[in-house]
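Here's the structure we're looking at; comments come further down.
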């Protein structure tokens, strides 16, 4: 371990903070994000509008290559600068994109959050390591080198107790596992020789997936799955040759998604056995995919800079079938990283040294209406006591209006519409009527801002009409 002497006191304090967080166990209960994201959603639901906004950190953001979310802030790695030992990490408030601070870190690229600290890969010409940063104040806790095993580190992953590092150096071809509690090396693994120039990692709850780039003939690239328990190889998979220069990985709860840089596609694999589910191009919109993110329902793909009319965009796919839902281009220039903050997708733009926040969109489902151009998501829950309870089923009528049924499709229970009242009082209006006396909770969410208005009808009470002309002040 390399420990900057000036940060010894901060390191000691930070270690104590980690022990408090982990109840003395030295590792976080898995999966930690489940404890972070619900809190983030509750916080962001009442925050000001933040849609398709762009931030530069007061000019501090420069050649951003990595992003991470800590529950309240977005962290950005800034890889530019000369000489080679320079670089920094900028912290932004997720609520409004304002800069919290910028902290010096040697040539940072990827980063990952472990619940208390950020781990940042340092890929300088004459120095390779992983810097551990205290998320509470940006101070350096440690710099791990794993006894020299860490070499040109690229991708990082956190498994709840350990940090995994992809060593891209040509003489390494390995992945190193560190204890998140103290940065010590657990082991370095080669996947039986299958790991080649690894660039990206993902954790699926039991395994660490590694993206291998051989630089050889088409069809020679692959992904390798390692047991997180001991680093042993589970298998290596090429998806029948569809995996081509894999540059990004993400796990959706059941499947591993692979961004194929030279294949201009993403491949979906079963995490259970590595078999291919499908390979998707989004009708040609996917181009040089450099990063992936999962928001619970969608896969987001960063399309790198390229030919005129190609790339410099982010594509949203339906996780169920790989179908393209939308492609965003505003403010996006050579995107290199993506992160989901519990409500929105953040994009690192290497082309213009900024980060962009994308608005959400509503995707219709059997239990969700998408109104006003798929901007507003409307759902309903019902409770009829001994007669049953659950999600109401949604049926659209027009672009503004739909209804819900509870027990039978022939029995309409609640009708709702959302109108644009921005010209009158700078608000969107919600009107609803019910043909029921059971308990109903109706939720209207603006997917661009994350704001939700909830209406409740008590059990045994006739549904009172809703005529809310100040429902959501989120214009335009």
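The values are calculated or read from the model by the stated rules, or taken from the named source; none is laboratory data. These numbers were taken from a predicted model, which means no experiment stands behind them. Backbone-built Cβ (ideal geometry, glycine too); neighbour counts: all protein chains shown.
Just one of 447, 452 is at pLDDT below 95, surrounded by fewer than 18 Cβ atoms within 10 Å (Cβ to Cβ) and closer than 30 Å to residue 358 by Cβ; which is it?
When all the criteria are applied, what remains is 452.
Name the strands (runs of 3 or more DSSP E) wholly inside the stretch 237-289 in which the number of residues that are free of Cβ contacts under 8 Å to residues at least 24 places away in the same chain and either closer than 22 Å to residue 326 by Cβ or touching a strand residue (DSSP E or B) at 6+ places or on another chain (Cβ under 7 Å) (or both) is 2 or more.
none
When you scan the stretch 408-433, how many residues do you find that are crowded, with 18+ Cβ neighbours inside 10 Å and assigned to a strand (DSSP E or B)?
The total comes to 9.
Given the criterion more than 17 Å from the chain's Cα centre (by Cα) and within 22 Å of residue 60 (Cβ to Cβ), identify the matching residue among 311, 331.
Matching residue, one of 311, 331: 331.
Report, by residue number, each residue of the stretch 155-178 that is closer than 18 Å to residue 337 by Cβ and modelled with pLDDT under 95.
168
Inside the stretch 290-327, can you point out the residues that are touching a residue at least 60 places away in the same chain (Cβ under 8 Å) and outside any loop (DSSP other than H, G, I, E, B)?
Residue satisfying the conditions is 298 alone.
Can you confirm whether the stretch 362-377 contains a residue that is at pLDDT below 95, within 18 Å of the chain's Cα centre (by Cα) and within 30 Å of residue 62 (Cα to Cα)?
Within the stretch 362-377, not a single residue is at pLDDT below 95, within 18 Å of the chain's Cα centre (by Cα) and within 30 Å of residue 62 (Cα to Cα).
Of these, 398, 436, which one is more than 29 Å from the chain's Cα centre (by Cα) and crowded, with 17+ Cβ neighbours inside 10 Å?
Exactly one of 398, 436 is more than 29 Å from the chain's Cα centre (by Cα) and crowded, with 17+ Cβ neighbours inside 10 Å, namely 436.
Residue 466 versus (1) within 25 Å of residue 358 (Cβ to Cβ); (2) touching a strand residue (DSSP E or B) at 6+ places or on another chain (Cβ under 8 Å): which is the lone unmet condition?
All conditions are met except number (1).
Kindly indicate the residue of the stretch 203-231 that is closer than 19 Å to residue 262 by Cα and touching a strand residue (DSSP E or B) at 6+ places or on another chain (Cβ under 7 Å) and also modelled with the lowest pLDDT among those meeting that condition.
Top of the filtered list is 213.
Identify, please: which residue in the stretch 161-185 is free of Cβ contacts under 8 Å to residues at least 40 places away in the same chain and over 26 Å from the mean Cα position of the chain (by Cα) and is, among those, surrounded by the most Cβ atoms within 10 Å (Cβ to Cβ)?
172
Please tell me if residue 144 is crowded, with 23+ Cβ neighbours inside 10 Å and within 22 Å of residue 269 (Cα to Cα).
Spelling it out, it is not the case that residue 144 is crowded, with 23+ Cβ neighbours inside 10 Å and within 22 Å of residue 269 (Cα to Cα).
Kindly indicate whether residue 156 is touching a residue at least 40 places away in the same chain (Cβ under 8 Å) and either within 22 Å of residue 104 (Cα to Cα) or not in a strand (DSSP E or B) (or both).
Judged against the criteria, residue 156 is a match.
Can you tell me how many residues in the stretch 224-243 are within 19 Å of residue 287 (Cβ to Cβ) and under 23 Å from the mean Cα position of the chain (by Cα)?
1
Could you count how many residues in the stretch 173-200 are part of a loop (DSSP other than H, G, I, E, B) and farther than 22 Å from residue 259 by Cβ?
Summing the residues that are part of a loop (DSSP other than H, G, I, E, B) and farther than 22 Å from residue 259 by Cβ in the stretch 173-200 gives 6.
Kindly indicate whether residue 114 is in contact (Cβ under 8 Å) with a residue 24 or more places away in the chain and either in contact with a strand residue (DSSP E or B) (Cβ under 7 Å, 6 or more places away or on another chain) or closer than 23 Å to residue 354 by Cβ (or both).
Yes; evaluated as a whole, the condition is true for this residue.
Which residue pairs have Cβ atoms under 8 Å apart, sit 6 or more places apart or on different chains, and have a first residue in the stretch 191-205 that is under 12 Å from residue 227 (Cα atoms) and a second that is modelled with pLDDT under 95 and surrounded by fewer than 24 Cβ atoms within 10 Å (Cβ to Cβ)?
What qualifies is 205/30; 205/31.
Residue check: is residue 66 surrounded by 20 or more Cβ atoms within 10 Å (Cβ to Cβ), at pLDDT below 95 and out of contact with any helix residue (DSSP H, G or I) (no Cβ under 9 Å at 6 or more places or on another chain)?
no
Out of 317, 325, 307, report the one residue that is closer than 19 Å to residue 263 by Cβ and either touching a strand residue (DSSP E or B) at 6+ places or on another chain (Cβ under 7 Å) or surrounded by 20 or more Cβ atoms within 10 Å (Cβ to Cβ) (or both).
317
If residue 343 meets every condition in (1) out of contact with any helix residue (DSSP H, G or I) (no Cβ under 7 Å at 6 or more places or on another chain); (2) in a loop (DSSP other than H, G, I, E, B) apart from one, which number is that one?
All conditions pass for residue 343, except number (1).
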